[in-house]
Amino acid sequence: MSNVPTTRPGEFLAVHEQNCGHSSTFAELPDGRVLHVAAAAFRTSDDGGITWSKPYRCVDSNGSTVGGSGESLVRLGGDGIGLAAMHRPEGRGPRRASDILFWRSPDGGTTWEPPVCVNLPGYPTYALQDVMLRTSSGRIILPYYISIGQGSWRPISAPFVGGMIDGQFASTDAHFVDPHFGGSGVFYSDDDGRTWQPNRDGELFIRLGWAGGNYGTYEPTVAEVEPGKLIMLLRTNLGRLYQAWSDDDGETWTRPQATVLAASPSPAQVRALPMDRHLLVVWTQQSEEEILQGFIRTRLSAAVSRNGGGVWEFYQNIESLHEETRVEPSPIYAQCPEGKFMEAELPALERRAEHVVDLPVGWGRWSYPSVFVYRDRVLVAHTYSFLTPHPTRAELVNGAPEGVNSKLKVIPITWFYGGKEPADNAQLKRIREAAQP
């Protein structure tokens, strides 16, 4: 069985090519339909994601467009639906200044109230798409991150990360020279999104040892393991996803700690599955060697934990250039590709030859997943692109169809358990029960 480009693709219920980038977010409407929003375009499905309506736009009672970028949907009380999105006010100035707005619809998305601002005014705040959730207490959780520092995501004349495809240079960069520092947290609301407040213990970042360096965290995602207990997964540049825990419904969090999930600097999504304490993670899984060689976002994987995040099992590839489905994590350190190509004004760096490899024709990127657990299936949307040589010009072109930059896959829950019906891990269950007082 091949795991390239996908593990057991014959089990998928549907695969849609679309032009949504990494803006997708989902929610179940009161009548059971699935609502999908991407870049302020709304559409619905009445068959669990197999077919979709034509896209449409929504405006609030002030006549303003509902939505923006980095959107997240959530069910509210009754027939209510909430939508959060990033918004950069006119005249705010630099790129790194934004707000997160939240719209409420009391009638399942038919009409919308004017938005409220979630974050503190003037605070540079961002959110990954599709991360909002409603906990068992009714509290709405919206993970966020800050990004502080000079300039934009790449300083002028900084090196580009890249490689060669058919003798032509192709950039594989993914913020490896980003000069900013980040920290993560959550906003929460106990009144269905009318008012918001941040977690009480500040932003989460990583400190390696008492005298070690500080490392930023970005694009957090949160799931509820059991009532009041939440897990947060965090993007880092340390070769792994990190995690933090809350035992008070998101008000305070533990210090971030490493997971066993090998990762390049890319976001993940974590979701609660229908069985007790079962979690699903979808993330860009990369080995240390792959990162050093410049394979940055070339394996989008999934794994299941049947004990609330302690042990991860059933590693599989949703889309990948690589055969392996599980990557052993490396020692914890800041990882960066060695296959760098400089701007003309900069000297070349020293590199180890084994890490300077050609990229395959059809080199692609799959990242920024959005994940919606819906009854017997999971909808996974992710970015999608690959490069191939032009047949007559010295040019690399996107091999995806014109106007396509993402995919939406409808996958049965059984696929995530290796194609089998979900069940508890009996050994882990016995260990947990034996530890109870």
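Values in this text are rule-based calculations from the coordinates and carry no lab data. Nothing here was measured: the structure is a model prediction, and the numbers come from that model. Heads up, the Cβs are rebuilt from the backbone with ideal geometry, glycines too, and the neighbour counts pull from every protein chain shown.
Ordered by the count of other Cβ atoms within 10 Å of each Cβ, fewest first, Glu338, Glu224, Glu328 give Glu328, Glu338, Glu224. The Cα atoms of segment 323-437 give a gyration tensor whose axes a ≥ b ≥ c have a/c of 1.5 or more with a/b no greater than b/c, which makes the shape oblate. Relative contact order of segment 363-417: 35 percent, from C-alpha pairs under 8 Å at least 6 residues apart in sequence.
Just one of (i) 133, 59, 40; (ii) 75, 56, 39; (iii) 59, 59, 51 is Cα extents along the principal axes in Å calculated from these coordinates, so which is it? After the calculation, the listed value that fits is (iii).
Starting with the highest mean, order 160-171, 290-301 by the number of other Cβ atoms within 10 Å, averaged over the residues of each peptide.
Peptide ranking by packing, descending: 290-301, 160-171.
Cross-link partners of Lys229 among aspartates and glutamates, defined as those whose alpha carbon lies under 14 angstrom from its own and excluding same-chain residues fewer than eight positions apart: Asp247, Asp248, Asp249, Glu251, Asp276. Compared with the direct C-alpha span, the chain from Glu289 to Val404 gains 38.4 nm at full extension, assuming 0.36 nm per residue.
In this simple spin-label model, placing a label point 7 Å from the Cα along the Cα-to-Cβ direction at both Ser2 and Ala434 gives a separation of 4.4 nm.
The label-point distance for Tyr123 and Asp276, in a model that sets each label 7 Å from Cα toward Cβ, rounds to 3.7 nm.
As a rough guide to protection, the peptides 240-252, 420-432 ranked by mean Cβ packing within 10 Å, highest first, stand as 240-252, 420-432.
The dipole here belongs to segment 291-429: it is taken about the Cα centre, uses +1 on the Cβ of Lys and Arg and -1 on the Cβ of Asp and Glu, and is about 520 debye. Does segment 36-155 classify as rounded, prolate or oblate by the C-alpha gyration tensor (a ≥ b ≥ c root eigenvalues; a/c under 1.5 gives rounded; else a/b over b/c gives prolate, otherwise oblate)? Verdict is prolate for segment 36-155. In this rough spin-label picture, where each label sits 7 Å from Cα along the Cβ direction, the Leu208-Ser53 distance is 5.0 nm.
Taking Cβ atoms as reference points and 13 Å as the exclusive limit, the residues near Ala14 contribute a net charge of 0, counting Lys and Arg as +1 and Asp and Glu as -1. As a proxy for reagent exposure, ranking Ser53, Ser406, Ser385 by other Cβ atoms within 10 Å from fewest up yields Ser53, Ser385, Ser406.
Over the chain, DSSP H runs of length four or greater, each weighted -39,500 (n - 2.57), average out per residue to a 222 nm ellipticity of -1000 deg cm²/dmol.
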